[in-house]
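Below is one structure, written out as structure tokens; the observations come after it.
Here, each number is a calculation from the coordinates, and none is a lab measurement. All values derive from a computational prediction rather than experimental measurement. Cβ placement follows ideal geometry from the backbone for every residue including glycine, while neighbour counts extend to all protein chains displayed.
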Amino acid sequence: MREDRSADNEPLDGDVGPASVAGAAKVDAAEELRRYEVEREARRRRTNAVSGRIAVAAAVLFLAFLIYDSVNTAVEAHSKGDDWIYPPAVVAAVCAAALAALLTWAWRRRRLGM
């Protein structure tokens, strides 16, 4: 009585089947590693984009607060007859210029799709 070995899916003696399967497994593993690296890079880019937006928003809020505070100080100093141009008004102008530069940079960067 002869057994039907084809149902077992095991190679016969001298068959090179498992070697070719092992070679395909190496190719599949390398392809899987490449795909994993691409997915990892995409996640890193998304995370960096979100953290960049948060940093720009925090800087905008900080500069807006400094402008508000400096203008408020300049108005109070002017009403008291103190020097209002040099410290507070200059700080407000510098912060306003920095805010304008930051918003322009962020707008151009977003428009270019970076």
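The table below lists the values:
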read-out: Residues Thr104, Thr73, sorted so that the one with the fewest Cβ neighbours within 10 Å comes first; value: Thr104, Thr73
read-out: Residues Trp84, Trp105, sorted so that the one with the fewest Cβ neighbours within 10 Å comes first; value: Trp105, Trp84
read-out: Stretchable slack from Tyr86 to Ala101, in nm (0.36 nm times residue separation minus alpha-carbon distance); value: 3.2 nm
read-out: Length gained when the stretch Ala55-His78 is fully extended (0.36 nm per residue, less Cα-Cα span); value: 4.9 nm
